[in-house]
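K.L.:
This is the structure I want to talk about, given as structure tokens.
The values are calculated or read from the model by the stated rules, or taken from the named source; none is laboratory data. Everything numeric here is computed off the predicted structure, so don't read it as measured data. Cβ coordinates were reconstructed from backbone atoms using ideal geometry, including for glycine residues, and neighbour counts include every protein chain displayed. For accessibility, only protein heavy atoms count, side chains too; no ligands or nucleic acids. Shrake-Rupley method; radii C 1.70, N 1.55, O 1.52, S 1.80 Å.
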Number of protein chains: 2
Amino acid sequence: MEQGAPHEHDLRMDDGVDTDTMTVAAPEPARNSQELDEEDNTLRPSFLRRVTEALDAENQEAVYNLVEPLHPADIADLFELIGQEYRAPLARAINDLLGSDVLAELNDWVRDDLVDQLEPEEVADLAEQMETDDAVALIEDLDEEDQAAVLAEMEPEDRAAIESALSYPEESAGRLMSRDVIAVPEHLTVGDLIDYLRRDDDDLATEFWEVFIVDVKHRPVGTCMLSWLLRAPRSVPLADVMKRDQTLIPVTMDQEEVALRFQKYALISAAVVDDSGRLVGQITVDDVVHIIQEEASEDILRLSGAGDGDINEPIGLTVRTRLSWLVVNLGTAIIAASVVGLFQGAIARFALLAVLMPIVSGMGGNAGTQTLAVVVRAIATNQLTSSNTVRMILRELRIALANGLSLGVLIGVGTTLIFGNPHLGAVIGAAMVINNLVAGLAGILVPVSLDRLRVDPAVSSAVFVTMATDVMGFFSFLGLAVVTGLAA
Amino acid sequence: MEQGAPHEHDLRMDDGVDTDTMTVAAPEPARNSQELDEEDNTLRPSFLRRVTEALDAENQEAVYNLVEPLHPADIADLFELIGQEYRAPLARAINDLLGSDVLAELNDWVRDDLVDQLEPEEVADLAEQMETDDAVALIEDLDEEDQAAVLAEMEPEDRAAIESALSYPEESAGRLMSRDVIAVPEHLTVGDLIDYLRRDDDDLATEFWEVFIVDVKHRPVGTCMLSWLLRAPRSVPLADVMKRDQTLIPVTMDQEEVALRFQKYALISAAVVDDSGRLVGQITVDDVVHIIQEEASEDILRLSGAGDGDINEPIGLTVRTRLSWLVVNLGTAIIAASVVGLFQGAIARFALLAVLMPIVSGMGGNAGTQTLAVVVRAIATNQLTSSNTVRMILRELRIALANGLSLGVLIGVGTTLIFGNPHLGAVIGAAMVINNLVAGLAGILVPVSLDRLRVDPAVSSAVFVTMATDVMGFFSFLGLAVVTGLAA
């Protein structure tokens, strides 16, 4: 075997697809297709039905056998998809399958639900099997009393790691990082490092993507991809294969900022350093992927006033979150209505104004929402910075003018033709141009200003923009009608 | 050196933060802070000013010296942030700094702009330095004629790889994958593999995260993390360290689906297989991170009718995209207005109806948007599947009823008190309840139905939902007013 040098042919990928040697055997499915829909990889309704039927029949063995072939991520999905009343019985039926890897993948609300039903020592057992960052995610959502009870049940070493992580602000790099890091001094050779890694030491990390090279003060001086290590001869010093230029993440950095760095510099893992520059942990890209998804979803949901918008969150919380946003909007709707109230006399004389006014305000709202969505995402992804704000404001104004003129002409001519009233057509056309300009201007100025004031533009921009387009829509249309003597 | 066994102390991370040995030296900045804002890692306006001043002065050397210390990703940002008129002069001034790594990071529109100004052989040179997936991204956006010209200038091997990638559908795994893969047969030992990797072979990939184990037909049978390889003794067969359960990506899979698998199973890289199950490439997580970001942004922008909403896209295209959406909305606004038109007589008799009616329609619109945003994201992230649709519809209806009743009572009592008209209060309160139910129902049924019909719910849901809440808002309020004899 040792001499059986690998054949060139077997070892390497061909550069093009070699159709001559193609075989016709079908690929084996990556996962069991009985449980999973082939197209979108979600659990089949028929599978869920069998699980709930077995749960209804209190046939725990059948439940266990159904769930057993699933990947932990799919078991997590099962808990999320199944009705809430089934979650506790399911957890009891599959007992040992409900491991740390399932909990780590579980939606926060569903996990809290489950964890609430476990004893502190059970939670502690699960947390000890997890990586620090996952254990922190599990424990940070518990209330203080439960947290203390769980921590008290843990091994002192694990407890210290989690307590230390909890001492960092929520959503910071310190909460996200794992403390299992391979960090070695610069003077080693590749061979030294491999020998060190081969030692039979259970405390050493088994899953890592990079080795960090540190100085005597434990400050990172370089980083080494494992593939470089594997390709280098044993005698080469680490200093010759490592990359000195690396992105260091301060332990207090916000997770959204961390995600942007990972994306910008295409990182797989990065060293986390404390105030004194010492290496204290690492963040890996698999955790960052969740954050990018979450932060982008957050922007959609906040722009729409849906809070965190998680379909698994308790319904009472959802009602409260959405209602508070609706009440704020009720306030702005009342302000807009009071503008209409100023023109009650004109409307009584010429009711057609009331028919057409929602078109002007509504179209302004649509145009404002367009600009707002673009600007909020550009701010969130660092594409809109103080360097190009002025250029972007001018860009939005030009777009607003072009769209406003097009829509103004369209609605103006249409109104003139339908109602045979060119005066009315001119008024609604002009109001449309004005309100599109208001929409474009508000759509960029509101989020940019909120961002400067360090308020999340996704949360509160929409209220201001909608108020601006509603108020100005009604005011410009009804005001022009009165001023030009249309409803005299 | 060979005997200088690494000290335990130097080699491992402490598990907790060891505050006793903390030093006070400040951490070195990861990047040069003269150019980058420390807080959000974007280029400083003052730096951009110096670059544009040097460009205005046609001082190419000064430009080069300013840009030279930047990371390629920051050079890409510089091109995006600087005014369009500066991009070509900047490209000329920094010549060799504008490498494949800068182009790979560049926004599509800005890249097209630059590439249009290069000769085919220059583009071919750049593409040859890039990984296949980045080269494909560069070439796929060119028009057919330019594509052919660039491909003709490339080495046959590279050309074949790119042509093969271009033969897969846009946004499929085949476009995204890299063909540089380490694939070895199962019978090797860890030592064999390391010896193979250490060979002085320029064609062998240098940056990879996993080794794929294939059978004689080149079908993947397992995968091996590099850290397991490094920790295993040389004599161990690969079959004993590899993981047999792996996620295989079919070459035609849509990139959004690829991203969901990476996220669900926390993958760093995954094997891509063709129809016959042969390994044809791999996808790595750094490419997927961009897709997750893009797909989530796409949902926000499409929901808001802003198309792709890229701030770097040509302004004419932006105007056309947004205008076509606004025209569609104009249609629905006219339909809603014609509902108001049915009640002109009532409005002429009682103009207060026109003042209050936008409140009912607007609040319905807000509530509908909340539900819509939650549902669109839940569909996109596979959280809402056919297994839990009914449960989620009931959930949204309960939320709509709770919010509708709260808002109905609030506005009903308020209207009664302000206008001293309990009849008007009852009508607006009831209309508010009805319209909230319409909003909740439309907010979930419209996107779920579109998804079943394989239409992207983010693109067209908002039109239907807004139309429903506008029409029903006006109809329920004005209709109830007339039917109950309020405006008689």
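K.L.:
Residues that are open to solvent by less than 70 Å² (accessible area, probe 1.4 Å) and of a type in the set (Phe, Trp, Tyr): find the helices (runs of 4 or more DSSP H) completely inside the stretch B:63-133 holding 3 or more of those.
P.N.:
Numbers: elements: B:72-81, B:84-94, B:100-105, B:108-115, B:120-129.
Hits in the stretch B:63-133: none.
K.L.:
Another question, if that's okay. Tell me whether the stretch B:265-274 contains one or more residues that are at the interface with chain A (Cβ under 7 Å from one of its Cβ atoms) and in a helix (DSSP H, G or I). I'd like the intermediate steps shown before the answer.
P.N.:
Our first condition is that a residue be at the interface with chain A (Cβ under 7 Å from one of its Cβ atoms); within the stretch B:265-274, this holds for B:265-266, B:268, B:273-274.
Checking which are in a helix (DSSP H, G or I) leaves us with none.
Among the residues of the stretch B:265-274, not one is at the interface with chain A (Cβ under 7 Å from one of its Cβ atoms) and in a helix (DSSP H, G or I), which makes the answer no.
K.L.:
Same structure, new question: Could you list all residues from the stretch B:358-408 that are among the small types (Gly, Ala, Ser) and surrounded by fewer than 20 Cβ atoms within 10 Å (Cβ to Cβ)? Quick ask: steps written out before the conclusion?
P.N.:
Within the stretch B:358-408, the first condition is being among the small types (Gly, Ala, Ser), and the residues that meet it are B:361-362, B:364-365, B:367-368, B:373, B:378, B:380, B:386-387, B:400, B:402, B:404, B:406, B:408.
Correct list: B:SER386, B:ALA402, B:SER406.
K.L.:
Collect the residues in the stretch A:222-246 that are facing another protein chain (nearest Cβ under 9 Å) and either over 26 Å from B:PHE212 (Cβ atoms) or over 37 Å from the mean Cα position of the chain (by Cα) (or both), keeping them in residue-number order.
P.N.:
The first filter runs over the stretch A:222-246 and keeps only residues facing another protein chain (nearest Cβ under 9 Å), leaving A:225-235, A:237, A:245-246.
Across the stretch A:222-246, the qualifying residues are A:ALA232, A:PRO233, A:ARG234, A:SER235, A:PRO237, A:ASP245, A:GLN246.
K.L.:
Would a scan of the stretch A:388-396 turn up a residue that is in the same structural domain as A:LEU356 (by TED's automatic domain parsing), among the acidic types (Asp, Glu) and closer than 26 Å to B:GLY316 by Cβ? Spell out how you get there, then give the answer.
P.N.:
Keep residues of the stretch A:388-396 that are in the same structural domain as A:LEU356 (by TED's automatic domain parsing), which gives A:388-396.
Right, trim to among the acidic types (Asp, Glu) and you get A:396.
Adding the requirement that they be closer than 26 Å to B:GLY316 by Cβ leaves A:396.
The answer is yes; a qualifying residue exists.
K.L.:
Answer yes or no as to whether A:VAL355 is more than 25 Å from B:ASN107 (Cβ to Cβ), in the same structural domain as A:LEU453 (by TED's automatic domain parsing) and open to solvent by less than 20 Å² (accessible area, probe 1.4 Å).
P.N.:
On the way: more than 25 Å from B:ASN107 (Cβ to Cβ): yes; in the same structural domain as A:LEU453 (by TED's automatic domain parsing): yes; open to solvent by less than 20 Å² (accessible area, probe 1.4 Å): yes.
Judged against the criteria, A:VAL355 is a match.
K.L.:
Select from the stretch A:165-216 the residues that are open to solvent by less than 30 Å² (accessible area, probe 1.4 Å) and among the polar types (S, T, N, Q) and write down the one among them that is farthest from the other protein chains (Cβ to nearest Cβ).
P.N.:
Looking at residues that are open to solvent by less than 30 Å² (accessible area, probe 1.4 Å) and among the polar types (S, T, N, Q), I get A:SER172.
K.L.:
Of all residues in the stretch A:454-478, which are among the charged types (D, E, K, R) and under 17 Å from A:GLU295 (Cβ atoms)? Talk me through it step by step, then tell me what you get.
P.N.:
Of the residues in the stretch A:454-478, the ones among the charged types (D, E, K, R) are A:454, A:456, A:470.
A:ARG454, A:ASP456 - these are the residues of the stretch A:454-478 that are among the charged types (D, E, K, R) and under 17 Å from A:GLU295 (Cβ atoms).
K.L.:
Of all residues in the stretch A:250-263, which are out of contact with any Leu (no Cβ under 8 Å at 6 or more places or on another chain) and touching a residue at least 24 places away in the same chain (Cβ under 8 Å)?
P.N.:
Pass one, the stretch A:250-263, residues out of contact with any Leu (no Cβ under 8 Å at 6 or more places or on another chain): A:250-254, A:256-257, A:259-260, A:262-263.
A:PRO250, A:VAL251, A:THR252, A:MET253, A:ASP254, A:GLU256, A:ALA259, A:LEU260, A:PHE262, A:GLN263 - these are the residues of the stretch A:250-263 that are out of contact with any Leu (no Cβ under 8 Å at 6 or more places or on another chain) and touching a residue at least 24 places away in the same chain (Cβ under 8 Å).
K.L.:
Within the stretch A:44-62, work out how many residues are part of a loop (DSSP other than H, G, I, E, B), more than 23 Å from B:LYS264 (Cα to Cα) and charged (D, E, K, R). Walk me through it before giving the result.
P.N.:
Step one: of the stretch A:44-62, the residues part of a loop (DSSP other than H, G, I, E, B) are A:44, A:57-59.
Remaining after also requiring more than 23 Å from B:LYS264 (Cα to Cα): A:57-59.
This time we only want the ones that are charged (D, E, K, R), so: A:58.
Matching residues across the stretch A:44-62 total 1.
K.L.:
Can you confirm whether the stretch B:428-438 contains a residue that is farther than 24 Å from B:ALA346 by Cα, of a type outside the set (Lys, Arg) and under 24 Å from the mean Cα position of the chain (by Cα)?
P.N.:
Looking for residues that are farther than 24 Å from B:ALA346 by Cα, of a type outside the set (Lys, Arg) and under 24 Å from the mean Cα position of the chain (by Cα), one finds none in the stretch B:428-438, hence no.
K.L.:
Does A:VAL328 qualify as being in contact (Cβ under 8 Å) with a residue 12 or more places away in the chain and under 19 Å from the mean Cα position of the chain (by Cα)?
P.N.:
Working: in contact (Cβ under 8 Å) with a residue 12 or more places away in the chain: yes; under 19 Å from the mean Cα position of the chain (by Cα): no.
The answer is no for A:VAL328.
K.L.:
Could you list, in sequence order, all residues of the stretch A:412-425 that are open to solvent by 10 Å² or more (accessible area, probe 1.4 Å) and β-branched (Val, Ile, Thr)?
P.N.:
Passing the criteria: A:VAL413, A:THR416, A:ILE418.
K.L.:
Here is a further query. Take the residues in the stretch B:443-488 that are among the polar types (S, T, N, Q) and within 25 Å of B:MET357 (Cβ to Cβ), then tell me which one is most open to solvent (accessible area, probe 1.4 Å).
P.N.:
The initial filter retains those residues of the stretch B:443-488 that are among the polar types (S, T, N, Q), namely B:449, B:460-461, B:466, B:469, B:476, B:484.
Next, only the ones that are within 25 Å of B:MET357 (Cβ to Cβ) stay: B:461, B:466, B:469, B:476, B:484.
Values: B:SER461: 0, B:THR466: 48, B:THR469: 0, B:SER476: 8, B:THR484: 68 Å².
The selected residue is B:THR484.
K.L.:
Quick one: would you say A:VAL288 is crowded, with 23+ Cβ neighbours inside 10 Å, part of a helix (DSSP H, G or I) and at pLDDT 90 or above? Quick ask: steps written out before the conclusion?
P.N.:
On the way: crowded, with 23+ Cβ neighbours inside 10 Å: yes; part of a helix (DSSP H, G or I): yes; at pLDDT 90 or above: no.
Considered against the rule, which asks whether it is crowded, with 23+ Cβ neighbours inside 10 Å, part of a helix (DSSP H, G or I) and at pLDDT 90 or above, A:VAL288 comes out as no.
K.L.:
Do we find a residue being at pLDDT 90 or above and of a type in the set (Ser, Thr, Tyr) anywhere in the stretch A:204-213?
P.N.:
Checked against the condition, which is being at pLDDT 90 or above and of a type in the set (Ser, Thr, Tyr), the stretch A:204-213 yields no hits at all.
K.L.:
Among B:VAL51, B:VAL102, which is modelled with pLDDT of 90 or more and within 23 Å of A:ASP245 (Cβ to Cβ)?
P.N.:
From the options B:VAL51, B:VAL102, the qualifying one is B:VAL51.
K.L.:
So how many residues does the stretch A:222-246 have that are crowded, with 18+ Cβ neighbours inside 10 Å and among the β-branched types (Val, Ile, Thr)? First the steps, then the outcome.
P.N.:
As a first pass, look at the stretch A:222-246 and keep what is crowded, with 18+ Cβ neighbours inside 10 Å: A:222-232, A:238, A:241-242, A:246.
Checking the rest, the ones that are also among the β-branched types (Val, Ile, Thr) come to A:223, A:241.
Adding up the residues that qualify gives 2.
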